[in-house]
Each structure stands twice: as C-alpha cells, then as structure tokens.
Amino acid sequence: MKDIHLIALTVNGTEHEIVVESRRTLADVLRHDLGYTGTHVGCEHGICGACTVLLDGQPVRACLIFGVQADGCEVRTVEGLADGDELSDLQKAFSRCHGLQCGFCTPGFLMLAEAYLSEQDGVPDESEVREVMAANLCRCTGYQGIVDAVRQVAEERAG
Amino acid sequence: MKPAAFTYHRAYDVNDTIAQLAELGQDAKILAGGQSLVAMMNFRLARPSALVDITRIAGLDYLERDAQGLRVGALTRHRTVETAKIDGFGVLSKAARWIGHYPIRCRGTFGGSIAHGDSTAEWCVLAVLLEARIVLQGPRGRREVPATEFFQGFFMTAAQPDEMIVEVRFPKPAPHAALTEYSQRQGDFAIVAASARLDLTEDEVLTSRVVLGGVGQQPVVVDADLAGQPANEETWRAAGEVAAAQVDPPSDGHGSSAYRKKLTAALVARALAEAAA
C-alpha cells in the first residue's frame, strides 16, 4: 500500500493542498502534481542543480527533498520571478549577458543566483560569484555570461 | 533514479524520535538534511523501510560557546557554521566552505554529516582532529562517544540504529588549526583532506596533531609529534613526508594510491602552514 500524506504548501504565493506519496521528491511534486514545469530535473542526485528552488527562502535541490517535507512551507520557483510579462532584473541580465543557450539549466541558475543575491549587502567579487555559481552545471555557456549577469545585478541592486 | 517506497514519519522532539525509531525497527533511518541520504536513496543504494524526519525538532540548531569549548546542535546547518564567528573555532567556519556547494550547505546538517560517517567529510575529520565528543540519545539514555572511537570503518559509526546524535562537543578552542583538501572540481568529495592543529610559541611547536581524510576507511590520525621543532616551512614539509609514509590509501577512479600519498605530503604541509599562520 502506498504511504500517502495530505500536505499544504505555498508556491509563488499560491496555496496548494495535495496528496503525495512519501517517496515523491519536491521536484516531481512541483512538476507533475502542481504543473510548475519551469523547475527542471537533470541528474536527480544533487549534482547538477537544475532543480534548485527556494524553500522558505533557502536555495535547495528539489530532488534531495521529499515533497512531504515541504508541508507548511513556502516554495519559490522560476515561475515566481517575472511579474506577468515583465522579466525580473536577473532574468533580463541573463538574457543581456548571454547567460543561457539551450536554457535547460537556466531555472536552477536563476534560483541559485536569486538566493545568493538576496543575501548580499554589497557587490561580491568575481571569485566569490564563481565559487557560488559552481554549485550548478551548465553544458553550453562556459559560465562567463552567467557570472557576468549575476555581478551586473549585484551592482544594480547595490545602487 | 526514484527512491524505493518507504513510510514517512515526522518527529517533533528527541524522545519522540527515539520512540518512533524503536517502533519502526532497524530498517528505519533518521532523515535530517538529507543531502547524502536522499541522493543514496535516489540511486537505491539505500532503501530504508521508514524515515523519521527530525528537521522540525526545535532547539537543536545552535552553536554554544562556553568556558570549556563549543557545543554544536545536531541540526545546525553547515551554512550556519560557515557564516558564524566562533571565538577560537574559526577553523570550523573556514572548513565549512569545503562542504559541497552553497545550496547543499544551506540544507545539510552537522549531526547528519557525522552520522553519515564519510571518511572524507570535513566535520568527521575535524571532529577527530579536535577530539570532539559525539552525544547520542537512545532508549538506554544518553551517552558520549569520543570522535576517535565513533568512526569505525567505511560509513560505519558507533551510533546504534535506535540512537540519535543530539550534539557534538568540542572540548577546547583551537586557534591554530586548519583543514585543506583537494578534489578535481570545486565542491566534489575530497580525494584527500588534511587537517592540523598546533599549539605554538612564536618560533617553536609545543604540541601538534594531524588527521587525514580520504586515505582510509575512517579519518586517520597521523603519528607525528612536532613538539620542540621550529615552526617553519621545513618542519611542515618534513611532517608531510612522515604522514605520507604512514598511510596506505586506496586506489580508485579519482586517483591511485601513490597519487594520494603525494597529495597527503603536500596537503599536510599546507594544513600545518595554514594552522601556524
């Protein structure tokens, strides 16, 4: 018999109540049960970072958390960045700096960068940005555009 | 790449955890940050019949500095240690940056890493280096196990299946200590990790301790007493050679035994130099 649980979670401000099997990862709950397919699933063992989302403000690999653990939590996914058709500053910077090509890794990188930037007071140096962005894998861009985008947004937000 | 079925249970305090573990039997496992366990479950390298989720237990996320030393609550996130300023234990904050990546450090826990018992894990190596004590709670009450006896082999620890790690105690400050390591990509598991602790005067070593990760089934204490030797590069380099001669590391896809020995010599010298700085 399946081990099922009724959970309530908020995704990008919308409340959801769903029944999940305990072994279902948060990444699969978001994609298959709730339709937030912006969260991508790459390696499913915590290496690639494509499934990075914010769980109560913290960046996490959604493949390494079970959906049932998000009960009562607030989740932010890539769908929560733009305001309608208006892309966020970070999304615009990725576009401007050519921080994406095929786009598969992009939702993970955006959420990773969003979490990191929200912690910053000033403008971090390039080596620190590189170290943080090394958490995720991209097979197209060579990372330079991603690092540039994150640094530009850090500078813009610092004023 | 999907985990096998299990039953999920949530615990709200330590006693509740112990009771649930007792009821669920030996195939149940504690779920803390899950940054190692869930990856292993996705690969089906681990197939626990039940998980007891302890992440909602309040009050186990703390760093408490007292007259004796430092007490680390089992559910303290790596990131909390990384960003803390802990008098006399700066080595922990610096070493935290070697743990996986930023999102992993935001989720993974101190107690979880110790319980996992990976011989290359930064907290396991430092617990042995700084002669920490692991505090366990189980149906037979509380007990403390010295880190030097806690890690017993390849992912094997002294914790019983019905026990939970509640705290790690570091008995005394280590202002002169460092950990360094090498891996092929940033954030990967260390191929070799080296850590060192020193007491010294301006130019002479008073006491020393060196512990390695990645060269054996558990963290390895190097037999090298540098007391009385000058605190300089030559001493550190010689100690590296001594350490390398003592270990018989495994060969695998990440590096041969001979390569690990050379890394050991270089990293021990580097760790000692950083510790002395």
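Using a Gaussian network model on chain B with a 10 Å cutoff between Cα atoms, which of B:VAL210, B:VAL145, B:VAL125 fluctuates the most? For chain B, modelled as a Gaussian network with Cα springs under 10 Å, the answer is B:VAL145. For chain B, the longest principal axis of the C-alpha atoms and the axis of helix B:14-24 are separated by about 70°. Placing unit charges on the Cβ atoms only, positive for Lys and Arg and negative for Asp and Glu, gives region A:4-80 a dipole magnitude near 240 debye about its Cα centre. For chain B, relative contact order (Cα pairs under 8 Å, six or more residues apart, normalised by length) works out to 15 percent.
For the peptides A:83-92, A:53-62, residues were scored by their other Cβ atoms within 10 Å and the scores averaged per peptide; the highest-first order is A:53-62, A:83-92. Toward the positive end of the charge dipole of region A:4-80, with +1 on the Cβ of Lys and Arg and -1 on the Cβ of Asp and Glu, the farthest Cα among A:ILE18, A:GLY35, A:CYS63 is that of A:CYS63. Relative contact order of chain A: 23 percent, from C-alpha pairs under 8 Å at least 6 residues apart in sequence. Converting phi to 3J(HN,Hα) with the Karplus coefficients 6.51, -1.76 and 1.60 and the offset θ = phi - 60°, region A:35-52 yields x, 7, 7, x, 6, 9, 10, x, 8, 6, 9, x, 9, 8, x, 4, 8, 4 Hz in sequence order, with x at every glycine or proline.
Annotation: the residues A:HIS40, A:HIS32, sorted from fewest to most other C-beta atoms within 10 Å of their own C-beta, follow the order A:HIS32, A:HIS40.
Could you work out how much longer the chain between A:GLU86 and A:GLN120 gets when fully extended? Use 0.36 nm per residue separation minus the Cα distance between them, nm to one decimal. Could you put the intermediate results ahead of the total?
Numbers: separation 34, 0.36 × 34 = 12.24 nm, distance 2.36 nm.
In short, 9.9 nm is gained.
Phi-derived couplings, Karplus 6.51 cos²θ - 1.76 cosθ + 1.60 at θ = phi - 60°, listed residue by residue for region A:136-148: 10, 10, 10, 9, 10, 7, x, 6, 4, x, 5, 4, 4 Hz, with x used for Gly and Pro. Using a 10 angstrom cutoff on alpha carbons, build the Gaussian network for chain A and name the most mobile of A:ASP125, A:ASP71, A:ASP33. Highest fluctuation of the listed residues: A:ASP125.
Shielding value for A:61-70 is 6, the average number of Cβ atoms from other chains within 10 Å of each residue's Cβ. Assuming charge only on the beta carbon of Lys and Arg (+1) and of Asp and Glu (-1), the dipole of chain B about its Cα centre is about 960 debye to the nearest 20. Taken about its Cα centre, the protein assembly as shown carries a charge dipole of about 920 debye when Lys and Arg each add +1 at the Cβ and Asp and Glu each add -1 at the Cβ.
Picking from B:GLY88, B:GLY108, B:ALA58, whose Cα lies most toward the positive end of the charge dipole for region B:34-110 (charges on Cβ: Lys, Arg +1; Asp, Glu -1)? Farthest towards the positive pole: B:GLY108. Mind putting together the pair-distance distribution for the protein assembly as shown? All Cα pairs, 10 Å bins, whole percent per bin, short to long. That works out to 4, 20, 29, 26, 16, 4, 1, in percent per bin. Working from Cα pairs under 8 Å separated by at least six residues, relative contact order for region B:174-214 is 36 percent.
Bear in mind these aren't lab numbers, they're just calculated from the coordinates by the rules spelled out. This one's a predicted model, so the numbers in the text were calculated from it and none came from an experiment. Here the Cβ is made from the backbone with ideal geometry for all residues, glycine too, and neighbour counts use every protein chain on show.
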